[in-house]
Amino acid sequence: MAGIYIAGLIAVAMALAAVGAILAVFDRRRWWLYALLLLVELPMSAAAFYYLRVPLDGWVKTLIAEREAYAFVTTFYAPLTEEPAKLWPLLMPLVWRRLALSNALAIALALGAGFGIGEIGFLADRVAQSPAMAKLPWGAFLPFILERVLVCVWHAGFVAVTVYAAARRPALVPLAVLGSMALHFVGNFPIYLGARNAFALGREAWQLALFAWTLVYTMAMAAVLVFVWLRGRAAR
């Protein structure tokens, strides 16, 4: 088995253990609902890529020929395609009838972590398609493991903005979806800057900067989740 798959399995196990423990403590009575949401989100990363992002990119390429402008526009792909892929289960009567401030955090965790865990498998498979990367041992992918587990927190934080709005004031959901997309864009934008070597920092400096940004933004998204939890706790 390629090392990247072993690394992916380790990342999945870590994310599942963390989310499962939180949900078990949070609300054991509705474990089936959170398990269902997590399961339906597992294929959404691949689905968003192949059925939303690829067609969108094909359309954008016909409109923008200038390389730098095209590269900038692609920074909007993930927010525009992935947030709807995470949020669509809220439209299911089974879900919105049970959505409340008291369980908004649990629903956001299930949706966001489910998407993030599915994304781990999707990215691991793409990495394995490279012969050079497929030959590497799993230990070479320790940064991948850490990043993917932390990004699960990001996805849950993005989703939590809309889930909280849906539970508190449904009329604000369209605005909240834009908020989720904006948070996603802000989280990813430094990757674009690093790829362009903005400010002429150099590759190594940007690698350190992106690692630091991942940690800082993870704490920010964790703060969003804590806020939703506190609001839900006050509503009980």
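None of the figures in this text is laboratory data; all of them are computed from the coordinates on show. Remember, predicted model here, so these are calculated numbers, not experimental data. Note: ideal-geometry Cβ built from the backbone for every residue, glycine included; neighbour counts use all protein chains shown.
Can you give the angle from 0 to 90° between the axis of helix 203-235 and the longest principal axis of the chain, with both taken from C-alpha atoms, to the nearest 10?
10 degrees
Which shape class applies to the stretch 1-117: rounded if a/c is under 1.5, otherwise prolate when a/b exceeds b/c and oblate if not, where a ≥ b ≥ c are the square roots of the Cα gyration tensor eigenvalues?
Judged from the Cα gyration tensor, the stretch 1-117 comes out oblate (a/c at least 1.5, b/c at or above a/b).
Counting alpha carbon pairs within less than 8 Å and at least 6 residues apart, what relative contact order, in whole percent, applies to the stretch 3-235?
With pairs under 8 Å counted, the relative contact order is 31 percent.
Using Cα atoms only, what is the angle between the long axis of helix 31-41 and the major principal axis of the chain, expressed in degrees (0 to 90) to the nearest 10?
30 degrees
Under the rule of -39500 (n - 2.57) per DSSP H run of 4 or more residues, summed and divided by the residues of the chain, what mean residue ellipticity at 222 nm is obtained, to the nearest 500 deg cm²/dmol?
-25500 deg cm²/dmol
Choose one of ASN188, ALA69, LEU225: the residue whose Cα lies farthest towards the positive end of the charge dipole of the chain (beta-carbon charges +1 Lys, Arg; -1 Asp, Glu; about the Cα centre).
Result: LEU225, furthest along the dipole toward the positive end.
Could you line up ASP125, ASP27 from fewest to most neighbouring Cβ atoms inside 10 Å?
ASP125, ASP27
Got the relative contact order for the stretch 28-160 handy, in percent, Cα pairs under 8 Å and 6 or more residues apart?
Worked out over the stretch 28-160, it gives 38 percent.
Taking the number of other C-beta atoms within 10 Å as the exposure measure, put THR162, THR62 in order starting with the fewest.
THR62, THR162
Would you give the gap between the C-alpha center of the stretch 15-68 and the C-alpha center of the stretch 126-200, rounded to a whole Å?
About 10 Å separates the Cα centre of the stretch 15-68 from the one of the stretch 126-200.
Please arrange THR74, THR81 by counting, for each residue, the other beta carbons lying within 10 Å of its beta carbon, fewest first.
Ascending Cβ contact count within 10 Å gives the list THR74, THR81.
Cα axis of helix 3-26 to longest principal axis of the chain: angle in degrees, 0 to 90, nearest 10?
20 degrees
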